[in-house]
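Take a look at the structure below.
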Amino acid sequence: MNNTSQNDNVLEIKDLSIAYEPGKYAVNGVTASVKRNSITAIMGPSGCGKSTLLRAINRMHELYPDIQTKGDILLDGQSIFSMSVIELRRKVGMVFQRPNPFPNMTIYENVVAGFSLNDIRMKKSRRDEIVENALRNVTLWDEVKESLYRKGTFLSGGQQQRLCVARAIAFNPEVLLLDEPTSALDPIATLKIEDLLGELKKKYTMVLVTHNMSQAARISDDSMFMYLGELVESGRTGTLFTTPKDPRTEAYLTGKFG
Amino acid sequence: MTEINTALTDNIGRRNRTNVRFRYLVIAGAVITVIPIFLIVGSLAIKGFRQINLAFFTQPAPDTFQAMMAASTGDIIPGGIANGLTGSLLMVFLASLFAIPPGLMTGIYIYENSSQKYARFIRSLAEILQGVPSIILGIIAYIWIVKNITKGYSALAGSVSLAIMMLPLIIRSTEETMRMIPVSIREAAFALGTPYYKMIYKILIPVSFSGLATGVLLALSRILGETAPLMLTALGSPAISFDITKPVSAVPLLIWDFYNDPNMVSLVWSASLFLMVFVLSMNLLARSVASKHKYI
Ligand SMILES: Nc1ncnc2c1ncn2[C@@H]1O[C@H](COP(=O)(O)OP(=O)(O)OP(=O)(O)O)[C@@H](O)[C@H]1O
Ligand SMILES: [Mg+2]
């Protein structure tokens, strides 16, 4: 493990290509890095490969044997493909586009699902502490502390999404992957999630796929712009938004496509 | 334009009348379907009710002489269906043991590998099995178990024939239930590093519990009334028996016996009433389970 990657870049994506069907690359030769304790936004028009890239980072594609992946991703300098997938997913949590709490579990059980599903046992008091902390971190505690033992699916969409964030951070991951986490939410719930992500930045590194340019501008530190599977441009969000180098980035930012 | 409008308004009256006529037709159809059900339950209840008492559940079937004595004096027939009841429960229990675990596992397997040839093959096999007449399953169990294993009619053979009947029902209901679980739930589990087997028994099975239980209960209620395969396997027995290597009775077998004995006709009604109510409550239970534990 060398020192620079230890300090600066949590993730280094190296010449990554992903194909759903042989020869048809949804992500093509992407090389990029993600800085520690920052929010990196991945933007681009629909179908450009944002989700595909994001899902490579926790090896989600392995669920579908037909998907081919080339290239490498380093987490803290170590190839994610050399880790056990369980270890990797402990370090890299994920929040999906649609809130997806486990419908058979209570709010409480949902928060500690990562532990129970991995047979990690602990004292009830420790579990209570984790639940309360995680729910406080996502500013859901005051809303649900009276109903911890109700099913998570009774919550509103925005609350469910915060519950899903809580479920991901209860594990105390290094990196949090978020795939359009607010696209199913109303503006107020969206703002809450955005505030939350800004707050969580202190502890976690986040990679955020978003369709919403103003969201990227509001909360991200770095941005990547993808087009047709390729990484067109990446850099500080402020720079990328004000002085894009590539004409395609500029076209996207000015609303010419997407 | 105005012509079209008038044509439309002219039509409204006619369309309303068609609507009303159609509604009456549907109601009439529903009534015609429901009448036989009420007639069946009604006549079973009227004719069978007299015989249902404590002894009906605790005593084995009477022999023909006892029944004849009672019939000649107009008393209610002594004895009951305890031998059939215990035999049925024993065989249904064993059949569940044989059929439910592999049925659930096969259903999950087919769902998880639905694009693979082998899984598709198993699914067609289950479909075919579901269409095989039950008497043929009886013959198969006869050849396998009665001839080769228990060397005689036995509860085991009966259970095996019932298990083969349950298997495709459970496989298919399991697969269909699993299909309803959103992919996002599975992915959420995997994203937490959940091992595959744990995802199945801590997420898939609990989430689809109501669907799985409904499938199992419906399969049970289906085999409870099955008679033909049991004639070739369990045979029937006048006494209460829990020996799985020996013949046992079953409620539908008893109904057949009662029917064949002119002195016991009234027991046909009460045993049928009981079986019908039992199966019906099983179905109701399936429904309440389905609505109570519904997550998807
Ligand atoms: N399961 C799949 N099988 C085959 N092709 C797929 C699959 N998922 C995505 N693709 C293709 O891969 C490409 C990239 O898809 P991806 O979901 O990564 O896009 P995206 O940038 O996330 O789009 P969106 O903004 O609409 O979510 C698209 O052309 C899509 O059609
Ligand atoms: Mg996407």
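Between the DSSP loop rule and a limit of at most 16 other Cβ atoms within 10 Å, which GluC sites (Glu not before Pro) in the stretch A:64-134 are left?
Within the stretch A:64-134, no GluC sites (Glu not before Pro) qualify (loop, at most 16 other Cβ atoms within 10 Å).
Based on the Cβ-Cβ distance from residue B:281 to residue A:70, what FRET efficiency comes out when R0 is 56 Å, to the nearest 0.05?
0.40
Exactly which trypsin sites (Lys or Arg not before Pro) in the stretch B:109-152 are in a DSSP loop and have at most 10 other Cβ atoms within 10 Å?
Of the trypsin sites (Lys or Arg not before Pro), the ones in loops of the stretch B:109-152 whose Cβ has at most 10 other Cβ atoms within 10 Å are B:151.
Please state the relative contact order of the stretch A:82-168 as a whole percent: Cα pairs under 8 Å, 6+ residues apart?
Once normalised by length, the contact order is 48 percent.
May I ask which residue of B:284, B:184, B:163 lies farthest towards the positive end of the charge dipole of the stretch B:82-292, with charges of +1 (Lys, Arg) and -1 (Asp, Glu) on Cβ and the Cα centre as origin?
So the residue furthest toward the plus end is B:184.
What pairs in A:192/A:245; B:202/B:294; A:124/B:198; A:70/A:256; A:50/A:151 have C-alpha atoms more than 24 Å from each other? If you can, show how the numbers build up before the last one.
Numbers: A:192/A:245 32 Å; B:202/B:294 16 Å; A:124/B:198 21 Å; A:70/A:256 32 Å; A:50/A:151 32 Å.
From A:192/A:245; B:202/B:294; A:124/B:198; A:70/A:256; A:50/A:151, over 24 Å: A:192/A:245; A:70/A:256; A:50/A:151.
Using the crude model of +1 on Lys and Arg Cβ and -1 on Asp and Glu Cβ, and no other charge, please compute the dipole size for the protein assembly as shown relative to its Cα centre, in debye to 20.
400
Taking trypsin sites (Lys or Arg not before Pro) as candidate sites, keep only those in a DSSP loop with at most 15 other Cβ atoms within 10 Å, then name the longest stretch of chain A containing none of them. Before the final figure, lay out the partial values.
Working: sites that count: A:121, A:123, A:150, A:202, A:203, A:245, A:256.
Answer - A:1-120.
Quick one: pull the percent of accessible area on the stretch B:1-79 belonging to carbon and sulfur, 1.4 Å probe, ligands and nucleic acids left out.
Looking at the stretch B:1-79 in its full context, I get 70 percent from C and S.
Is the shape of chain A best called rounded, prolate or oblate, per the rule: a/c under 1.5 gives rounded, else a/b larger than b/c gives prolate, else oblate, with a ≥ b ≥ c the square roots of the Cα gyration tensor eigenvalues?
Prolate, since a/c reaches 1.5 and a/b exceeds b/c.
To the nearest 20 debye, what charge dipole does chain A have about its Cα centre, counting +1 at the Cβ of each Lys and Arg and -1 at the Cβ of each Asp and Glu?
Computed charge dipole of chain A: roughly 500 debye.
Loop only by DSSP, 10 or fewer other Cβ within 10 Å of the Cβ. Give me the chymotrypsin sites (Phe, Trp or Tyr not before Pro) in the stretch A:107-195 that pass, ordered by residue number. It would help to have the intermediate numbers written out before the result.
Working: sites: A:108, A:115, A:141, A:149, A:154, A:171; in loops: A:149, A:171.
Passing sites in the stretch A:107-195 are A:149.
Projected onto the charge dipole of the protein assembly as shown (+1 at Lys/Arg Cβ, -1 at Asp/Glu Cβ, origin at the Cα centre), which of A:34, B:65, B:229 gives the Cα projection farthest towards the positive end?
It is B:65, whose Cα lies furthest towards the positive end.
Which one, B:264, B:108, B:130, projects farthest toward the positive side of the charge dipole computed for the stretch B:82-292 from Cβ point charges (K/R +1, D/E -1)?
The one lying farthest along the dipole's positive direction is B:108.
Can you compute the charge dipole magnitude of chain B about its Cα centre, using +1 on each Lys and Arg Cβ and -1 on each Asp and Glu Cβ, nothing else charged? Give it in debye, rounded to the nearest 20.
In total the dipole reaches around 840 debye.
I need the shape label for chain B. Rule: rounded when a/c is under 1.5, else prolate if a/b > b/c, else oblate, with a, b, c from the alpha carbon gyration tensor.
Note, shape of chain B comes out oblate.
Computed FRET efficiency, Cβ-Cβ of residue B:57 and residue B:184, R0 60 Å: what is it to the nearest 0.05?
The calculated FRET efficiency here is 0.75.
Starting from the 7 Å offset along Cα-to-Cβ, what nm value, one decimal, do you get for the label separation of residue B:125 and residue A:203?
Modelled inter-label distance: 5.1 nm.
Say R0 is 41 Å: what FRET efficiency, to the nearest 0.05, do residue B:260 and residue B:21 get from their beta-carbon distance?
Values: r = 49 Å, r/R0 = 1.20.
Efficiency for this residue pair is about 0.25.
Does the protein assembly as shown classify as rounded, prolate or oblate by the C-alpha gyration tensor (a ≥ b ≥ c root eigenvalues; a/c under 1.5 gives rounded; else a/b over b/c gives prolate, otherwise oblate)?
Numbers: a/c = 2.71, a/b = 2.06, b/c = 1.32.
Prolate, since a/c reaches 1.5 and a/b exceeds b/c.
The values are calculated or read from the model by the stated rules, or taken from the named source; none is laboratory data. All values derive from a computational prediction rather than experimental measurement. Cβ: placed from backbone, ideal geometry, glycine included. Neighbour counts: every protein chain shown. In case anyone asks, the SASA skips ligands and DNA or RNA and just uses the protein heavy atoms, side chains included. Shrake-Rupley method; radii C 1.70, N 1.55, O 1.52, S 1.80 Å.
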